[in-house]
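All remarks here apply to the structure that follows.
The values are calculated or read from the model by the stated rules, or taken from the named source; none is laboratory data. Keep in mind the model is a prediction, meaning the values are calculated, not measured. Backbone-built Cβ (ideal geometry, glycine too); neighbour counts: all protein chains shown.
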Amino acid sequence: MRPKVLVLSIALGLPIGCHAAEPEHDLEELVQIAKSGAEHEFVAAQYETQARDMLARAQWHERTGLLYQGMEHATGIGPGYARHCEALARNLSSAARESEEIAKLHRELAAQAKQ
């Protein structure tokens, strides 16, 4: 990472490195085996965690997009970077809403299983 970018990242509180977070559990397998109320509650919690993580990433991309917008005139960086960040933020926000809906479904399945 270039020194100016590193200093700017630290000043703005942006993440310095990129890494993919490993999911705690394999949701595909958990969804297939979930039968009891507790199992559906667990799956719902996993989707809620996933949604929170995606929303945090969306907010980061929104802030980064604003940063790139501010740099366009001073650095000659084109608007493509800002549009890229805006698109990622929209897509991540949408995916987070979908994960919240899936979590809601599993909460309902958990309630049904407890009856």
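Things worth noting here:
Residue-wise test of (1) over 23 Å from MET54 (Cβ atoms); (2) out of contact with any strand residue (DSSP E or B) (no Cβ under 7 Å at 6 or more places or on another chain); (3) not in a helix (DSSP H, G or I).
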position: MET71; (1), (2), (3): yes, yes, no
position: ILE77; (1), (2), (3): yes, yes, yes
position: ALA96; (1), (2), (3): no, yes, no
position: SER99; (1), (2), (3): no, yes, no
position: ALA103; (1), (2), (3): no, yes, no
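- Residue in region 14-55 that is modelled with the highest pLDDT, counting only those that are of a type in the set (Gly, Ala, Ser) and in a loop (DSSP other than H, G, I, E, B): SER36
- Note on region 48-100: residues that are β-branched (Val, Ile, Thr) and more than 18 Å from the chain's Cα centre (by Cα) total 2.
- Of ALA58, ALA89, ALA82, all but one fail to be part of a helix (DSSP H, G or I), touching a Gly at 6+ places or on another chain (Cβ under 7 Å) and at pLDDT 95 or above; the exception is ALA89.
- Yes/no for ALA11 being modelled with pLDDT under 70 and either surrounded by 10 or more Cβ atoms within 10 Å (Cβ to Cβ) or in a helix (DSSP H, G or I) (or both): yes
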